[in-house]
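Values quoted throughout were computed directly from the atomic coordinates according to the rules given, and no laboratory measurement underlies them. Keep in mind the model is a prediction, meaning the values are calculated, not measured. Reconstructed Cβ throughout: ideal geometry from the backbone, glycine too, with neighbour counts over all protein chains shown.
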Amino acid sequence: MLPPVVLLALPASFLFLRGADGVPVPVRLATWAAVAAFSLPAVLLARLRGPLRSWRPVGRVALWGAGSVLGAAVLGALALATGVVDAYEPPSLTSRTLAGSWAGGDPDVLVLHADGTATATGLAQFEDDGTRADPCDGRGSWTFDPGDDAWAQRVTVRVPGCATQEWHVGGNEEHPLLYVHVGDEDAGDLFELTRSNR
C-alpha cells in the first residue's frame, strides 16, 4: 500500500502546477522539490525518536521521499505533454494594447501614449544594488519591440531625468503587467506595473 505522503503528494502536485500562474513550470517543480527536501529532516527526526534510534526507517523515508518528488516531476511533465496543464507564456501585446496608463503604487504611474510619447509621474527608480532612489517625473518617449516570441517582448521608455528602462511583459491576457528587474537579476526581485485607470 502506498504511504500517505505519496497519496497526498499526487493531488497536491497537480493543484500546485495549476495554481502557480505566471511562474515557469521548471521553477514550480524546483520549488516543490525544495519544499520536500527541507521537510525531510523533520520527518527523519520524528522517525528516529524511538529508544533504539534505528536507521532502517531513514532509508524507507528517503526512498519514498525521492520517489514522490520524481513521481511529481514525471506527472508534471506528462501533464504538460498531454495539454492537461498549459505551460506559462506571457501575453502577446502590441503597441496599441500597450498604450494607456500603468501603475505600480502611489503614484508610480507611467502613461504610454498612442503617439509614442510617455509620461512618468513619481515613477520608482532603483540603484544597482536594488535600493530605491528618488522617483522621477517627466515626459519622453517609448518604443515596443515584439521580439521573436512572447518572452522577448520589450518596452523601452526614455524620459529625461529618469533612467532608461527596458520593461518585460508578464501577467496574462486579462491582466498584463510590465516589470523590470531590481538589483541583481539572478535574485528575482521585480518592480511591476499593472493597468490603471489613472
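Details
- Reciprocal of mean inverse Cα separation for region 65-198 (Kirkwood radius, Å): 16.5
- Estimated inter-spin distance, Glu173 and Asp106, nm [label 7 Å along Cα→Cβ]: 3.4
- Amide H contacts of Asp189 (H built 1.01 Å from N, in plane; Pro and chain starts excluded): Val182 sit under 5 Å, all sequence-distant by 5 or more or on other chains.
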